[in-house]
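The values are calculated or read from the model by the stated rules, or taken from the named source; none is laboratory data. All figures in this text were calculated on a predicted structure; none of them were measured in a lab. Don't worry about glycine lacking a Cβ; one is built from the backbone with ideal geometry, like all the others, and counts go over all protein chains shown. Heads up: the accessible areas ignore ligands, DNA and RNA and are worked out on the full protein's heavy atoms, side chains in. Shrake-Rupley method; radii C 1.70, N 1.55, O 1.52, S 1.80 Å.
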Amino acid sequence: MAESPPVPLAQALWPAPYAETSRNPLALHLPLMGLPIAVALIDRHGVVISGNDALRATVGSAYNPGTRAEWLFVAEDADKIARAVAHTLACNDRSEVRAALHDRPDEKQIVGIVPVPPGFGISALLTMRDIREQLRLEAQVTAVTRMQAVGQLAGGIAHDFNNILAAILGMTEQLLDRHPPDDAEHDSLAEIRRNGLRAAGLVAQLLAFARRQPQRQQVLDLAPLVGALRPLLEQLLGKGIDLGIHAARLKSAVLADPGQIEQVIVNLAINARDAMINHGRLDIAMRDVPAAEIAAQGHRIIPRVDHVAIDVTDTGSGIPPAIAGKIFEPFFTTKPMGQGTGLGLSTVYGIVKQTGGYIFAMPAPGGVGTKFSVFLPAVPHAEQLAEVPVSNESPALHADSLAGVRLLLVEDDPAVRTILERGLKRFGPLLTTAADGMIALEILDTGAQFDVLVSDIMMPGIDGVELASRCLESRPDIGIVLISGFAEAPLHRAVNAQDVHFLSKPFALADLAQAIVDAHRRRISRNS
C-alpha cells in the first residue's frame with residue numbers, strides 16, 4: 001500500500017477551512033490566537049503580517065504588524081534572525097536560533113522559523129515560547145519582594161517609634177500623677193497621653209502589616225465570631241448601606257487571634273463603605289473550601305489543603321486595574337490628604353499572612369464593586385474547650401506593691417530605661433538596671449540574687465530571649481518579664497514555652513508593675 005503524501009503544516013492544523021484559508025492569509029490569525037505558543041505570520045519578504053496574543057505579550061513594545069522579523073530582537077541578534085528567515089524562505093527548510101528579544105535583552109529565546117506550503121499567502125511562521133505565565137509570576141515575585149521590603153522597613157520603624165512612645169507615655173503618666181484633675185496642667189497632659197495612644201494604634205497597624213504583632217491564636221469558629229460583629233458593623237456602615245452576614249455553621253475552624261480576625265473584617269467593611277460613598281450593599285459570607293476545590297478558586301499560590309474562606313463583597317466603585325497591585329502597600333491611599341492613613345488594607349494583609357492565609361481582591365460578580373476573599377488554613381473544631389479557672393479579682397497596685405522585690409531591669413534605650421526606673425521606684429522594689437544583656441550577665445555572674453528579671457527583647461549583643469534562657473539555667477526559680485516594640489512569632493512562642501510574661505510597648509506603667517507582681521507570685525508558688 002502506497003504511503004500517503006505528507007500533509008502540509010497549515011492543513012494539519014486547520015484541515016476544514018484549508019481551502020478558504022489559503023486564499024486569505026489573515027484568516028490564519030484566528031486559529032493561532034489561542035495557541036499556547038507565540039506565533040508570527042511572515043510573508044515572502046520577511047515582514048510580520050500578524051501574530052497571536054501570546055506573541056504580543058512575549059515581544060512587547062517591539063511588536064507591530066508590518067515590521068521585519070529581525071527588528072523584534074536586539075541588534076546583536078538581528079542578523080542571525082534575518083539569515084534564518086532568509087534560509088527558510090529560500091530553502092523551504094526549518095531554522096532554529098537563539099536570540100534575545102528587544103524588550104528582554106538579558107534572556108535568550110529559542111526562535112523557530114517554520115516554512116508554510118504555497119497557497120496561503122504567507123511563507124513562514126516564526127514561533128517562540130509563550131512567556132505570559134512567566135511574566136505573571138515575575139510580577140507576583142516583584143510585588144511580594146516589594147511588600148517584604150516595605151514590611152521590614154515598617155517593622156523596624158515601628159520598633160524604634162514604640163520605644164519613643166514608651167518614653168513619652170511613661171513620662172506623661174508620671175506627670176499626670178503629680179497633676180490631679182483639678183490642676184491647670186492636667187488637661188494638657190491628658191491630651192498628650194491621648195495623642196500618644198493614637199500614635200501607638202497606628203504603630204500597631206504597621207506591626208500587623210510587617211507581621212511582627214504578637215498573636216494570641218486559638219481555635220475559632222468564624223460563624224459566631226463574624227455574626228457577633230453585626231451591631232458594630234451596622235453602626236460603622238451607616239443606614240445607607242445594607243449589610244448581609246451569611247454565617248452558616250462551618251465544617252472547619254481556623255487557628256487565629258480572634259481580635260485580629262475581627263480587625264480584618266472591620267477594616268474590609270470600612271474600606272467597602274468608603275468605596276460605596278455610604279450607599280450600597282455589603283455582603284460577608286464564609287464557606288468551607290476543601291483541598292479538592294482549591295484549584296477551582298483560580299489562585300495558584302494557595303496550597304492544596306483544606307481552607308475556610310471569608311468573602312467580603314461590596315457594590316462600590318471597584319478597584320482600577322492601574323492601582324490593583326498597590327492596594328495592600330502601607331500608606332497607599334486614593335483618599336484626599338488628611339482623610340486616610342493608607343494602613344487599613346495593609347493591616348489586613350499583614351494579619352492574614354501572619355495567620356498563614358492568603359487574601360485576594362477581584363471584581364465582584366456582575367462587574368459592580370469589589371470582592372475580597374480571605375483564605376485561612378482549616379483546622380478541626382475544638383470539641384471541648386479546657387476550662388481554666390481564672391480569678392477576676394486582682395489585688396490593686398499600691399505604693400509598696402513591689403516592696404522588697406529584687407528586680408533587675410535591662411533596657412538598651414536610655415530614655416526608656418530612665419522612665420521605667422523612675423516609674424518603678426515608687427512601687428518600692430530593690431532595683432538594679434543594666435544597659436544591655438552582656439552587662440546584665442556580668443551582674444548575674446557576681447552572684448547577685450534577683451526575684452524578677454525585666455528585659456527588652458531587641459538589644460545589641462544577646463537579645464532578651466537568650467538572656468532569659470541563660471538566666472533560667474542558673475536561676476530556675478526567677479520570674480521573667482520580657483518587653484519589646486515588637487516580637488517575632490518564633491521568639492514569642494519561645495518565651496511562652498518558658499512561662500515568661502510578655503508586654504508589647506508602649507504599655508502603661510501599671511501594666512508593667514502588675515506583670516512583675518504576677519511573675520513574682522508565680523515564682524513564689526513554684527518554690528512553695
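Within the stretch 120-136, how many residues turn out to be of a type in the set (D, E, K, R) and modelled with pLDDT of 65 or more?
1
Considering only the stretch 180-197, I want to know if a residue exists there that is open to solvent by less than 90 Å² (accessible area, probe 1.4 Å), within 17 Å of Val416 (Cβ to Cβ), at pLDDT 75 or above and in contact with a Pro (Cβ under 6 Å, 6 or more places away or on another chain).
The answer is no, given that none of the residues of the stretch 180-197 is open to solvent by less than 90 Å² (accessible area, probe 1.4 Å), within 17 Å of Val416 (Cβ to Cβ), at pLDDT 75 or above and in contact with a Pro (Cβ under 6 Å, 6 or more places away or on another chain).
Name the single residue, out of those in the stretch 43-71 being without any contact (Cβ under 8 Å) to a residue 40 or more places away in the chain and open to solvent by less than 20 Å² (accessible area, probe 1.4 Å), that is farthest from Ala86 (Cα to Cα).
Looking at residues that are without any contact (Cβ under 8 Å) to a residue 40 or more places away in the chain and open to solvent by less than 20 Å² (accessible area, probe 1.4 Å), I get Asn52.
Quick one: how many residues across the stretch 102-119 are farther than 22 Å from Arg44 by Cα and at pLDDT 85 or above?
Of the residues in that region, 0 qualify.
A quick yes/no check of all residues on (1) at pLDDT 90 or above; (2) of a type outside the set (Val, Ile, Thr):
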site: Gln384; (1), (2): no, yes
site: Glu387; (1), (2): no, yes
site: Ser391; (1), (2): no, yes
site: Arg406; (1), (2): yes, yes
site: Ala415; (1), (2): no, yes
site: Thr418; (1), (2): no, no
site: Gly423; (1), (2): no, yes
site: Phe427; (1), (2): no, yes
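Only residues in the stretch 78-91 that are under 14 Å from Ser123 (Cβ atoms) and at pLDDT 90 or above count as the first member; pair them with residues that are in a helix (DSSP H, G or I) and open to solvent by less than 20 Å² (accessible area, probe 1.4 Å), Cβ under 7 angstrom, at least 6 apart or cross-chain, and list the lot.
If the second residue must be in a helix (DSSP H, G or I) and open to solvent by less than 20 Å² (accessible area, probe 1.4 Å), the pairs left are Val85/Ala69.
What are the residues in the stretch 256-301 that are within 19 Å of Pro377 (Cβ to Cβ), open to solvent by 40 Å² or more (accessible area, probe 1.4 Å) and at pLDDT 90 or above, if any?
Arg287, Asp288, Pro290, Ala292, Glu293
For the stretch 507-528, which positions are farther than 21 Å from Gly428 by Cα and either modelled with pLDDT under 65 or open to solvent by less than 30 Å² (accessible area, probe 1.4 Å) (or both)?
Ser528
Can you pull out every residue in the stretch 473-500 that is farther than 19 Å from Asp412 by Cα and at pLDDT below 80?
Hits for the stretch 473-500 are Ala489, Pro490, His492, Arg493, Ala494, Val495, Asn496, Ala497, Gln498, Asp499, Val500.
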